[in-house]
Amino acid sequence: MALALRTARQYRRHGVTLEPADLRSLERAGWRTTLEYRENHVRGRDGRLLEVVESWTAEAERFDGAFQVVAAEGATADEAWATLREEIECTELAPSRIRLVHPE
């Protein structure tokens, strides 16, 4: 019976990943993330709805001796996460502009 359990564990597979790879990568690196959806309605002079422009804003924050916040916007959620990850990778070595001061 123990052999059957071990075999079942060996062949265990996880299901399809639902999260974007960029989001998972950021969270594994210690970033706390949020995603915000917004619709901008473009209307004509007569009030008719002409267009709906979707906008996704991805944000990440981390405290690693200094508090860092990075945000990026995209037309889709995946695009926002990818842009955010690029922003973080480009500025990873730059010092944070925000410093927390401890009162003495």
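Show me the ranking of peptides 71-78, 46-53, 32-39 by mean Cβ neighbours inside 10 Å, starting with the highest.
The densest-packed peptide leads the list: 71-78, 32-39, 46-53.
If you average over every viewing direction, what projected area does the convex hull of the Cα atoms of segment 20-91 give, in nm²?
For segment 20-91, averaging the hull's shadow over all directions gives 5.6 nm².
Where a number appears in this text, it was derived from the coordinates with a stated rule and is not lab data. Just so we're clear, the structure is a prediction, and the values are computed from it rather than from any experiment. Note: ideal-geometry Cβ built from the backbone for every residue, glycine included; neighbour counts use all protein chains shown.
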